[in-house]
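S.K.: I have a structure here, written as structure tokens, and I will follow up with some questions on it.
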Amino acid sequence: MLLTTVVLWSLNYTVTKYVLEHGFRPLAYSATRYGAAVVLFAVFTFAVERSFRVRRKDVWLILAAAGVGIWLNQLSFVYAIKLTSASTVALILGMTPIFAALFAFAGGLEQPTRRFWLAAAVSFGGAALVALGSGGGLSTSLTGDALAAATAATWALYSVLVAPLMRRYSPYRISALVLLVGWSAVALTGLPQLRGQNFDVGWQVWLLLAFATLGPLFLTNILWFRSIHRVGPSRATLFANIQPFVAAVFALLLLSERMTWLQVGGGVLIGAGIVLSRRRASVVPAAE
């Protein structure tokens, strides 16, 4: 299940890049894809749990998580993929665990050690090398690289925001509600693109969009949380950490993208930072 999850997540970068280059506008793509995912998760969650109820005090947290983890994350992701290479985006998203630790520190959930700060410095240095080696025009490539970093940061913040919700509700219920709210924001933002979108893009593009919805978005959520239940979060995270590298390899093979030695070195540094951060922090004791 973990291997399938990693492969599907990794293919998402290549598939998204192809779809955006062959007819779909960025926000029209996100709105269409997430709209279908909302229906899938609603049906699946209701079949499993027969309820979407949450406490009233948790509604604001769900809204915040949806705004960060779906709306801002998708705005950053689709335009990062459009403006720079899929392999570059994949490598920069390897910084997500570092961002998550920084947000946990800012929220008082963890107390970073010196080892973590070293890991953060190494990872950010790696991201800088990836950006420097990405090539292309400065206005295009660097903007895409910055948006890729924003994608990693927003997903990390989302992971921190939903942590307390996961202790009270199933991941499927949270996913269904967050997707509904987040998709609504994406659809409203992308309404001009949806109105002007030519949906006659060919069956290949529609097939890839269906794959991007059913695989990397719907199926992986189910497989990921079931994997965590069976093997534990630590082992599952070890598998997830290889996903940026696998995604970059897929982009190189399937899209014929080029990767410079600076990008390779940057990817290695980002990976080294993740390894260093495995014992990144000590948990702050809860106030009594």
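S.K.: Could you check Arg168 against (1) in a helix (DSSP H, G or I); (2) at pLDDT 80 or above; (3) in contact with a helix residue (DSSP H, G or I) (Cβ under 8 Å, 6 or more places away or on another chain) and say which number it fails?
M.R.: Here Arg168 meets the rest and fails (1).
S.K.: Within segment 195-214, restricting attention to residues that are surrounded by 19 or more Cβ atoms within 10 Å (Cβ to Cβ) and in contact with a Ser or Thr (Cβ under 9 Å, 6 or more places away or on another chain), which residue is nearest to Ser10 (Cα to Cα)? Walk me through it before giving the result.
M.R.: Of segment 195-214, the ones surrounded by 19 or more Cβ atoms within 10 Å (Cβ to Cβ) are 205, 208-209, 212-213.
From the residues that got through so far, the ones that are in contact with a Ser or Thr (Cβ under 9 Å, 6 or more places away or on another chain) too are 208-209, 212-213.
Values: Leu208: 14, Leu209: 15, Ala212: 11, Thr213: 14 Å.
This residue is Ala212.
S.K.: Also: In the set Phe46, Phe99, which member is farther than 19 Å from Leu255 by Cα, aromatic (Phe, Trp, Tyr) and under 16 Å from the mean Cα position of the chain (by Cα)? I'd like the intermediate steps shown before the answer.
M.R.: Working: Phe46 fails: under 16 Å from the mean Cα position of the chain (by Cα).
After applying the criteria, what remains is Phe99.
S.K.: Return only the number of the condition from (1) at pLDDT below 90; (2) under 20 Å from the mean Cα position of the chain (by Cα) that Leu217 does not satisfy.
M.R.: With (1) at pLDDT below 90; (2) under 20 Å from the mean Cα position of the chain (by Cα) applied to Leu217, the lone miss is (1).
S.K.: Continuing with the same structure: Could you say whether any residue in segment 132-149 is hydrophobic (A, V, I, L, M, F, W, C), touching a helix residue (DSSP H, G or I) at 6+ places or on another chain (Cβ under 9 Å), at pLDDT below 80 and within 21 Å of Gly265 (Cα to Cα)?
M.R.: Step one: filter segment 132-149 for residues hydrophobic (A, V, I, L, M, F, W, C), giving 132, 138, 142, 146-149.
With touching a helix residue (DSSP H, G or I) at 6+ places or on another chain (Cβ under 9 Å) added as a condition, the list becomes 132, 142, 146-149.
From what is left, the residues that are at pLDDT below 80 are 132.
Among the residues that remain, those that are also within 21 Å of Gly265 (Cα to Cα) are: 132.
Yes, some residue in segment 132-149 is hydrophobic (A, V, I, L, M, F, W, C), touching a helix residue (DSSP H, G or I) at 6+ places or on another chain (Cβ under 9 Å), at pLDDT below 80 and within 21 Å of Gly265 (Cα to Cα).
S.K.: Given the residues Val78, Val59, Val68, Val54, which is the only one that is of a type in the set (A, V, I, L, M), over 24 Å from Leu214 (Cβ atoms) and touching a helix residue (DSSP H, G or I) at 6+ places or on another chain (Cβ under 6 Å)? It would help to see each step written out before you state the result.
M.R.: Values: Val78 fails: over 24 Å from Leu214 (Cβ atoms); Val59 fails: touching a helix residue (DSSP H, G or I) at 6+ places or on another chain (Cβ under 6 Å); Val54 fails: touching a helix residue (DSSP H, G or I) at 6+ places or on another chain (Cβ under 6 Å).
Result of the check over Val78, Val59, Val68, Val54: Val68.
S.K.: Shifting gears a bit: Looking at segment 83-98, I want the residues that are in contact (Cβ under 8 Å) with a residue 60 or more places away in the chain and have a partner that is outside any helix (DSSP H, G or I) and surrounded by fewer than 24 Cβ atoms within 10 Å (Cβ to Cβ) with Cβ atoms under 6 Å, at least 6 apart or on another chain. Which pairs are those?
M.R.: Ser85/Glu257; Ser87/Glu257; Ser87/Met259
S.K.: Being under 14 Å from the mean Cα position of the chain (by Cα) and surrounded by fewer than 22 Cβ atoms within 10 Å (Cβ to Cβ) narrows it down to one residue among Ala163, Ala185, Ala146, Ala150; which is it? Spell out the reasoning first.
M.R.: Working: Ala163 fails: under 14 Å from the mean Cα position of the chain (by Cα); Ala185 fails: under 14 Å from the mean Cα position of the chain (by Cα); Ala146 fails: under 14 Å from the mean Cα position of the chain (by Cα).
One residue alone meets the criteria, Ala150.
S.K.: Those residues that are more than 16 Å from the chain's Cα centre (by Cα) and of a type in the set (D, E, K, R), I need them from segment 23-43; list them, please.
M.R.: Matches in segment 23-43: Arg25 only.
The values are calculated or read from the model by the stated rules, or taken from the named source; none is laboratory data. Just so it is clear, the structure is predicted and the values come from calculations on it, not from any experiment. Please note: Cβ atoms are built from the backbone with ideal geometry, for glycine as well, and neighbour counts cover all protein chains shown.
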